[in-house]
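Worksheet: the structure to be examined is printed underneath.
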Amino acid sequence: MERVLKITKNIVEYANIGTVKYIFNRKARNFTIRINPQGDIRVTIPRFGSVRQAEAFFLGKKDWVEKKLFEITLNNADMLVLREGGEIIVRGRHIVLHSGTNGKDLESAFWKILLEEAGQILPGRVKEISENHGLPYERLRIRKMKSRWGSCSSTNSIGLNSWLILLPDHIVDYVILHELAHTIHKNHSRDFWVLLQKLTNGRAKLLRRELRNYRIAYRLGNNT
């Protein structure tokens, strides 16, 4: 893999790969490579590592990286595309995207819409499901998450991804039930799955498989 350009000390561009960011993380124990759904690549460097060592590690994984990028290229054909003046459909409503002058503004506008729409719908739904099943929670936070649908803290605070507002109602309910089940069982033990199976009327495995058909992924499109 040919190094094309060293943009900064920690950002390098490679032929057939694109830009790679090398990020130091004192808490990391090993060198790791992360590729998000948009194809952005980050290499994490542990406390006593160096960029040179990280680059050697990355180049040693080039076949794996190229395979992942190819898979992302195939998947992106069906990925949500964000364009200035384009539309996203939220609960049957067509909402036009408007931003400032660059892609980051467009992304911010998109996530703002999701947060606003989710903030109107999800709190009431969580409250209703919680009361129906006798599963109280401490508080609810709806926020932008790029890799998880939800979370439940040790103090029973529930977190939900605003992206859920784009998913079907029955899948949203499954995610809510999943997190509420964690107020009783903090891990994914057998007891947790038994409870979730009961809460979903025996459909937990089916709903879990269906949820895997959805992903938190989008790309910026060119305005033509």
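The values are calculated or read from the model by the stated rules, or taken from the named source; none is laboratory data. Just so we're clear, the structure is a prediction, and the values are computed from it rather than from any experiment. Heads up, the Cβs are rebuilt from the backbone with ideal geometry, glycines too, and the neighbour counts pull from every protein chain shown.
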Within the stretch 179-218, how many residues are touching a residue at least 60 places away in the same chain (Cβ under 8 Å) and outside any helix (DSSP H, G or I)? 4
Answer yes if at least one residue in the stretch 108-127 is on the phi > 0 side of the Ramachandran plot and in contact with a Ser or Thr (Cβ under 8 Å, 6 or more places away or on another chain), and no otherwise. no
I176 - would you say it is β-branched (V, I, T), within 18 Å of the chain's Cα centre (by Cα), at pLDDT 95 or above and not in a strand (DSSP E or B)? yes
Is it true that V90 is in contact with a helix residue (DSSP H, G or I) (Cβ under 7 Å, 6 or more places away or on another chain) and at negative phi? yes
Which residue, of A118, A77, A54, A109, is surrounded by 13 or more Cβ atoms within 10 Å (Cβ to Cβ), of a type in the set (G, A, S), in a helix (DSSP H, G or I) and modelled with pLDDT under 90? A109
The one condition D169 fails out of (1) farther than 25 Å from R93 by Cβ; (2) loosely packed, with under 12 Cβ neighbours inside 10 Å is (1)
Every pair of residues 6+ apart whose Cβ atoms lie under 7 Å, when the first sits in the stretch 3-25 and is in a loop (DSSP other than H, G, I, E, B) while the second is at pLDDT below 75: A15/M1; A15/E2; A15/V4; N16/M1; I17/M1
When the stretch 58-71 is checked residue by residue, the ones that are assigned to a helix (DSSP H, G or I) and surrounded by fewer than 18 Cβ atoms within 10 Å (Cβ to Cβ) are L59, G60, K62, D63, W64, E66, K67, K68, L69, F70, E71
Which residue, of P136, P123, is closer than 20 Å to L195 by Cα and either touching a residue at least 24 places away in the same chain (Cβ under 8 Å) or part of a helix (DSSP H, G or I) (or both)? P136
Restricting to the stretch 26-51, name every residue that is over 22 Å from R215 (Cα atoms) and loosely packed, with under 14 Cβ neighbours inside 10 Å. R26, K27, R29, N30, R47, F48, S50
